[in-house]
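*Asks:* What follows is a structure written as structure tokens; I'll ask about it next.
The values are calculated or read from the model by the stated rules, or taken from the named source; none is laboratory data. Small disclaimer: the values here were computed from a predicted structure and weren't measured. Cβ: placed from backbone, ideal geometry, glycine included. Neighbour counts: every protein chain shown.
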Amino acid sequence: MTDTTGWPVETIRKALTGYRVMAWATGIWLIALCYEMVMKYVVGVEGLNWIAVVHGWVYFVYLLVTANLAVKVRWPIPKTIGVLLAGTIPLVGIIVEHVQTRDIKERFGV
């Protein structure tokens, strides 16, 4: 079955699943990064710098899978940029994921 975007529903479902996983992973690693910053600058604990590196790579993959989903569901550019930036604010990316997932499921019957 194909929807109005020209993409099979199964392709949109896979893109949505990737987006959901990476939105949660990015949100969790962003919280870990905040923890690392507090430990480093408030408590003075060193040695947690690897958290920033992991978060950076996870966020990069989040950008890729979100752009993939945006193309498939034909989000306008401003909405795409907003969803991409949601992954930079703790917990906002997870909230946006919930709202966008509900919208996509309603629009495409995924």
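*Asks:* If you take the residues of the stretch 54-82 that are among the aromatic types (Phe, Trp, Tyr) and assigned to a helix (DSSP H, G or I), which of them is nearest to residue 11 (Cα to Cα)?
*Replies:* 62
*Asks:* List the number of the failed condition for residue 96; all other conditions in (1) closer than 18 Å to residue 11 by Cα; (2) touching a residue at least 60 places away in the same chain (Cβ under 8 Å) hold.
*Replies:* With respect to (1) closer than 18 Å to residue 11 by Cα; (2) touching a residue at least 60 places away in the same chain (Cβ under 8 Å), residue 96 is out only on (1).
*Asks:* Considering the stretch 38-53 alone, what residues qualify as being in a helix (DSSP H, G or I) and either surrounded by 14 or more Cβ atoms within 10 Å (Cβ to Cβ) or not hydrophobic (A, V, I, L, M, F, W, C) (or both)?
*Replies:* Result: 39, 40, 41, 51, 52.
*Asks:* Continuing with the same structure: For the list (1) under 19 Å from residue 11 (Cα atoms); (2) modelled with pLDDT of 95 or more; (3) among the β-branched types (Val, Ile, Thr), I need the number of the one condition that residue 110 fails.
*Replies:* (2) is the only condition that residue 110 fails.
*Asks:* Right, next: Within the stretch 70-91, identify whether any single residue is among the aromatic types (Phe, Trp, Tyr), surrounded by 16 or more Cβ atoms within 10 Å (Cβ to Cβ) and at pLDDT 95 or above, and answer yes or no.
*Replies:* Yes, there is a match, as at least one residue in the stretch 70-91 is among the aromatic types (Phe, Trp, Tyr), surrounded by 16 or more Cβ atoms within 10 Å (Cβ to Cβ) and at pLDDT 95 or above.
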